[in-house]
Structures are given as structure tokens and as C-alpha cells.
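The values are calculated or read from the model by the stated rules, or taken from the named source; none is laboratory data. All values derive from a computational prediction rather than experimental measurement. Cβ atoms come from the backbone with ideal geometry, glycine included; neighbour counts cover every protein chain shown. Only protein heavy atoms, including side chains, enter the accessible area calculation; ligands, DNA and RNA are left aside. Shrake-Rupley method; radii C 1.70, N 1.55, O 1.52, S 1.80 Å.
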Amino acid sequence: MQTDMTQNIREKKSSPWRWVVLISAVLIFAGIVIFSFSIIFFAKVISTTEKRTYTETTGNGSEKIAIVDLDFTIMSPEGFVKQMKKYREDKSIKAIIIHANTPGGGVAASQEMYEEVKKTRDSGKPVVVSVESINASGGYYISCGANLIIANPGSLVGSIGVIMQYYTFKELADKIGMKENTIISGENKDTGNPFRDATEKDKEYLNDIVMDSYDQFLDVVSKERKIDKEKLKKIATGRVFTGRQAKENGLIDSLGTFSDAVRITARLANIDGEPVLVKEKNRNNFFELFIESIIGIKDFNKNTLDDMLRKPLLQYKFEN
């Protein structure tokens with residue numbers, strides 16, 4: 001009898017802690033939901049607000065070189081492709097410099113941007129990539145479409161590889177008593193469902209996608225950089241290289257600063273003297289600046305949000 005009473009007292013003493021854990025889990029989940037809906041709200045505001053742009057010019061010459069910034073995590077190709085097309089068709093622009101400082105991003109977006117760079121190069125208008133701090137994975141994929149890639153000796157270049165990530169909330173959902181019902185037409189239809197753990201078949205299925213995307217990456221680098229594919233595989237392990245190491249491995253053409261890139265580009269475009277540098281800049285509204293400061297992604301819009309929530313997301317991206 002005494003033992004039963006002691007056990008009951010212990011259970012009563014410990015039960016509040018279970019409630020604390022449960023309430024904490026509910027509050028965390030509610031916070032995630034509220035934050036997600038806040039992002040959706042701001043994204044809708046941004047998508048209905050017209051983005052204003054203006055052109056900034058520097059230099060006193062008579063011939064123009066356009067600067068296109070690639071300084072963001074790649075989620076959507078829209079803004080970059082629009083600029084490349086505009087400058088390619090503008091006869092007053094003699095060449096384009098892509099100023100790269102990116103960890104990479106989405107596979108399909110990177111491929112579309114690469115094709116636009118390649119199309120511009122093949123049209124006869126020189127395209128040169130100038131690497132600032134980092135030009136990794138999807139950013140490097142895009143750069144392979146240019147005439148030349150120039151990097152600082154200490155820049156980080158490469159990270160040839162593919163990553164796919166998604167999160168699961170099964171344990172949290174079980175703790176708060178949340179259940180999810182899914183009706184599917186085939187066993188692979190709900191692969192990546194965050195409310196269940198990945199099966200071995202899921203992992204095998206996703207691995208096939210990752211490896212095929214990796215092979216596409218190798219094909220582009222091998223063709224554009226003229227590196228034997230089997231030799232390339234030895235360095236295409238997802239690692240980044242310094243600019244100097246990248247030069248030794250044939251991943252870039254030369255070492256130099258942005259000023260060097262301007263000088264080399266002017267020579268490719270047969271420009272005598274100092275060129276005028278033309279750069280498109282955006283006037284961001286308050287909501288865009290707020291989102292960008294939290295998430296660290298430029299040109300945030302509704303499409304970006306859709307890409308972020310579309311899991312699992314296949315990426316050519318450097319993860320440090």
C-alpha cells in the first residue's frame with residue numbers, strides 16, 4: 001500500500017514536466033506555422049509591388065560593358081536571364097561581365113542561367129566571369145558558359161556536386177498528437193513527405209535523381225573546360241578550391257581582380273581605352289529588405305517561396 005502511494009506521488013510530481021514538454025513542443029510548432037504564414041504574407045505583398053530599377057554607370061569611355069551581379073543564392077533564374085537577354089540584344093553593349101559571389105542553388109535554375117550565358121557567348125558577345133569571394137556549385141555551372149573565368153587567388157571555386165535535403169517532423173507530430181493522411185497512386189508519390197521517415201526505397205529513388213543530376217554537371221564542365229570526364233571525377237567531389245588551386249586544375253582561366261577582368265573583357269571586345277561600366281540596380285521596398293535580411297536571399301518573390309517550400313529541393317549548392 002505504501003509503495004503504491006509513493007508511486008502515485010512520483011507520478012503526480014513528474015506529470016507537470018510532461019505537460020511542460022508538450023506545451024513547449026506545441027509552442028515551437030505554432031511558432032514555425034506563424035513564421036511560415038508571415039513569410040507567405042510578405043511574399044504576396046512583394047509580388048504585387050512593382051520592382052523599380054535604374055542604371056548606374058561608371059567610367060569616361062565611349063564603349064560600354066555591362067555588369068551582371070550573381071551575388072545571391074540561386075532559386076529563380078528570372079532576373080538574371082532577363083538581364084542577360086537585354087544586354088545581349090543591346091548593340092551599344094559590347095561585352096558582359098558576370099560578377100559572381102554565390103554558393104549556388106537550384107539545379108534547374110542554374111541550368112537555365114547557364115544556357116542563357118552560353119547563348120550570349122555563342123552570339124559573339126564576349127562574356128567573362130569575375131569571381132569575388134565564392135563561386136560554387138550552381139554558380140560555377142553557370143560560369144562554364146562564359147568565354148573566360150577569372151578569380152582571385154584566394155577565391156573559393158568549384159564544389160561540383162549535388163545535394164538534396166528535406167526535413168521530417170514525424171517525432172514532433174507524434175508528440176503533439178498531430179496526424180497526416182495521404183492518399184497516393186504509387187509508392188514514390190509521397191517521397192519526401194515530412195510526416196514520415198524515409199524508407200530505403202525512398203533513399204534509393206532520390207539517390208538516382210541526385211546521381212543523374214551530378215552526371216549532367218560533369219558533362220557540362222567536361223565539355224566547356226575541356227577536361228576528361230574520368231579525370232574530372234577525381235576532383236568533382238563537392239569540395240571547393242582556392243582560385244590558385246582551381247587554375248591548376250583547369251577550372252578557371254586566369255587569376256586576377258575585378259579590375260583585371262574589366263581590362264581583359266575590354267580587350268576581348270576590341271574596346272580602346274577605358275570602357276563605361278553599366279549596371280542595373282534595384283530599388284527594394286521595405287518588405288523585400290526585411291525578407292532578404294532574415295533569409296539572406298536577394299530578389300525574393302512568390303516563386304522563391306514556392307521553391308523553398310517545394311521539398312525535397314535538388315540543388316547545385318555549396319554547404320559549409
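Values for this structure:
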item: Average Cα contact separation per residue, the range 111-162, under 8 Å, 6 or more apart, as relative contact order %; result: 42
item: Accessible surface of the range 127-272 [probe 1.4 Å, protein heavy atoms]: carbon and sulfur percent; result: 48
item: Karplus-derived HN-Hα couplings along the range 268-275 (A = 6.51, B = -1.76, C = 1.60, θ = phi - 60°), whole Hz, x at Gly and Pro; result: 4, 8, 6, 9, 8, x, 6, x
item: Above-threshold pairs, the threshold being 29 Å between Cα atoms, out of LYS85/LYS223; LYS189/LYS317; LYS234/LYS279; LYS125/LYS233; LYS201/LYS317; result: LYS234/LYS279; LYS125/LYS233
item: Dipole magnitude of the range 70-203, debye to nearest 20 (Cβ charges: Lys/Arg +1, Asp/Glu -1, about Cα centre); result: 520
item: Mean separation of Cα contacts under 8 Å, 6 or more apart, over the residue count of the range 54-119: relative contact order %; result: 43
item: For the range 196-240, fraction of C-alpha pairs farther apart than 16 Å, in %; result: 48
